[in-house]
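Chemist: Below is the structure I would like to discuss, written out as structure tokens.
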Amino acid sequence: MKLPYAEPFRIKMVEEIHQSTRENREEWLKNAHYNLFNLKSSQVFIDLLTDSGTGAMSDQQWGALMTGDESYAGSRSFDALHETVKKLTGYQYLLPTHQGRAAENVLFSVLVKDGDIIPGNSHFDTTKGHIEIRKAHAVDCTIDAAFDVDDLFPFKGNINLDKLEEVYKSHPKEKIPFCLITITCNSSGGQPVSLENIKAVKELSDRYGIPIYFDSARFAENAYFIKMREKGQENRTIKEIAKEVFSYGVGMTMSSKKDGLVNIGGFIALNDEKIFRAASNFTIIYEGFITYGGMAGRDMAALAVGLNEATEFAYLESRISQVEYLGNRLIEFGIPVQKPIGGHAVFIDSLKFLPNIPRDQYPAQTLANEIYKEAGIRTVEIGTLLADRDPESRENRYPKLELVRLAIPRRTYTNNHMDYIAVAIKNVFDRKEEIQKGYNITWESEILRHFTVQLEEA
Ligand SMILES: *Cc1c(COP(=O)(O)O)cnc(C)c1O
């Protein structure tokens, strides 16, 4: 008999989580203004709000934590991180920051001006926020297959070269500081970008003199998909593939809370000394001195180890096969999910799941709230609330998809938890006809409203 798959780790420390009753949850949700961000973690049994900073560190990382050097300048933990980043990415300069969005803030302070155009594959929400707050525009050039949840194309994070060239042709070069490739493409469902596509984007961008930066929060997961799905890549290591990917860009921003396998942190890595100098000034103003940038020395030490672990095949195989396991259980129950299953999360198509809820009553938020009420599972809306209003017209921006994201924290839950989640969602699916109404907004902020929005039952 063929041996079944088993995780390449055992568990050294556990954290208790607690069940609640449906009555409890209905009350908590009401008090949270029907926004799952407002719940307390003690009110949640399984937390799939995000895979950002919520994973488990290894014994090696916890060990490294104790060796952290907290010197304000010239910390040896910075040196360890710098060496690791250079080796993995090939980029010579490193600026740590406290998170990925801080890396965006620092880098975009140098590169992005009023009226600029930043093309790329579906920009992440904070990335878009940092572009729009500078009165610049993010232009989504993702391939159309990304917006068809049943299209089995293996690289749905790819950039459509015609759309990109159209942007390059219709604006002067000075208005396009860079093209941003997000790996994997979070906003289109954790879908990977192929090596072939990255190379083609590089070639096209070279012709127009536009540099490429990577938003690389899940660069290791992207490299895993390239190895597993792209012809000719199957015998290469994750580290080799990742390094080749980075060779087509001039720099990157990183949220270390994802493929850094740590709970907090980010960084910028790049090759251009002039941009590094300019970004150093903004790092000092916004984050801290350039050898810590808002991170504790011990966190940089743990990150250096985490980046190496995240780029090992055995780790990535266990990570991504768990996400796939959950996705396949949902598919068996007939639940409409985005296919193929993405790297860090399973996405449910709520327009198909809850066709009775009108778009202006936020079907994805409605489904996320139903899943919470059913079983204490916290998920997140990736739909109209997240898409915000158009900055000029202030109208809702309806995205092509209304998704509920089940983000799986790294090395945190077992497949029994995945089974529990799948059955909970099946139970909601079985009574979907009873769900007839969504929600209305009672209060929202100007930008990034989904974090704090308040709702009432429609
Ligand atoms: C998480 C994320 C960010 C922002 O990083 P934070 O660490 O949350 O500030 C930026 N881009 C992508 C693709 C992300 O997934």
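The values are calculated or read from the model by the stated rules, or taken from the named source; none is laboratory data. Model, not experiment: these values are computed from the prediction. Because the Cβ atoms are built from the backbone with ideal geometry, glycine has one as well, and the counts that use them run over all protein chains shown.
Chemist: Could you run through the stretch 76-117 and say how many residues are on the phi < 0 side of the Ramachandran plot, surrounded by fewer than 20 Cβ atoms within 10 Å (Cβ to Cβ) and of a type in the set (Gly, Ala, Ser)?
Modeler: Selection size over the stretch 76-117: 1.
Chemist: Can you give me the number of residues within the stretch 14-56 that are part of a loop (DSSP other than H, G, I, E, B) and within 16 Å of the ligand (Cβ to nearest atom)?
Modeler: Total satisfying the criteria: 8.
Chemist: Is it fair to say ILE226 is more than 16 Å from the ligand (Cβ to nearest atom), assigned to a helix (DSSP H, G or I) and more than 16 Å from the chain's Cα centre (by Cα)?
Modeler: Values: more than 16 Å from the ligand (Cβ to nearest atom): yes; assigned to a helix (DSSP H, G or I): yes; more than 16 Å from the chain's Cα centre (by Cα): yes.
So ILE226 fits the description; yes.
Chemist: If you don't mind, there's one more thing I want to ask. Using the structure shown, decide if ARG236 is at pLDDT 95 or above, under 21 Å from LYS86 (Cβ atoms), among the basic types (Lys, Arg) and buried (at least 18 other Cβ atoms within 10 Å of the Cβ).
Modeler: So ARG236 does not fit the description; no.
Chemist: Which residues, counting only those in the stretch 198-219, are more than 16 Å from ALA138 (Cα to Cα) and either within 16 Å of the ligand (Cβ to nearest atom) or among the aromatic types (Phe, Trp, Tyr) (or both)? Even if it seems obvious, please write down each step before you answer.
Modeler: Filtering the stretch 198-219 for residues more than 16 Å from ALA138 (Cα to Cα) gives 198-209, 216-219.
Residues satisfying the conditions are ILE198, TYR208, SER216, ALA217, ARG218, PHE219.
Chemist: While we're looking at this one, here's another question. Does GLN61 satisfy being in contact with a Gly (Cβ under 7 Å, 6 or more places away or on another chain), in contact (Cβ under 8 Å) with a residue 40 or more places away in the chain and within 16 Å of the ligand (Cβ to nearest atom)?
Modeler: Details: in contact with a Gly (Cβ under 7 Å, 6 or more places away or on another chain): yes; in contact (Cβ under 8 Å) with a residue 40 or more places away in the chain: yes; within 16 Å of the ligand (Cβ to nearest atom): no.
In short, no.
Chemist: Something else now. Pick from the stretch 391-416 the residues that are of a type outside the set (A, V, I, L, M, F, W, C) and outside any loop (DSSP other than H, G, I, E, B): which of them is farthest from the chain's Cα centre (by Cα)?
Modeler: ASN416
Chemist: Among the residues of the stretch 206-234, which ones are aliphatic (A, V, I, L, M) and closer than 19 Å to GLU317 by Cα?
Modeler: ALA217, ALA220, ALA223, ILE226, MET228
Chemist: Sticking with this one: Report, by residue number, each residue of the stretch 195-216 that is among the β-branched types (Val, Ile, Thr), over 20 Å from the mean Cα position of the chain (by Cα) and either within 17 Å of LEU88 (Cβ to Cβ) or assigned to a helix (DSSP H, G or I) (or both).
Modeler: Result: VAL201, single match.
Chemist: So how many residues does the stretch 104-126 have that are within 12 Å of the ligand (Cβ to nearest atom) and either at pLDDT below 95 or of a type in the set (Asp, Glu) (or both)?
Modeler: 6
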